[in-house]
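Okay, so here's the structure we're looking at.
A short reminder: the numbers here are calculations on the coordinates, not readings from a lab. It should be emphasised that the depicted structure is a prediction, and the values quoted were computed from it without experimental measurement. Heads up, the Cβs are rebuilt from the backbone with ideal geometry, glycines too, and the neighbour counts pull from every protein chain shown.
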Amino acid sequence: MSKEPKKGINLIVKHNSYFDGKVQSLAIATTNGPATVGVIEPGKYSFGTDCEEHMHVVAGSLKAKLPGGDWQTYLPGQYFVVPPQVKFEVEADGDVAYLCYYRR
């Protein structure tokens, strides 16, 4: 097995932990820009954005409420886009895995 880094991926990884460890992610730089891969434990959480975020559900089911919108459920393979400079809410009934791309 090769230990060579893949082209276009920055192997410096940053760990993020929110809400007493109930939401955790690893931040990396990709050819598509900055991204995080993470997990969300069951619960309801509020986040704020600095830039546009593309939130892809990888496993589990995630409800999201964007500004001015109603709650929507997203399943694996689905994603939603959060505008910059807003607050939004998510709710997980079970464990959720996600991938988020940041558009700066």
Of all trypsin sites (Lys or Arg not before Pro) in segment 36-77, which ones are in loop regions per DSSP and have a Cβ with at most 12 other Cβ atoms within 10 Å? none
Taking a crude spin-label model, label points 7 Å out from Cα along the C-beta direction, the residue 49 to residue 14 distance in nm is 1.9
Within the chain, how many lysine pairs that are 8 or more places apart, or on different chains, have C-alpha atoms less than 25 Å apart? 14
Most mobile listed residue (69, 38, 48) in the chain, GNM with C-alpha springs under 10 Å: 69
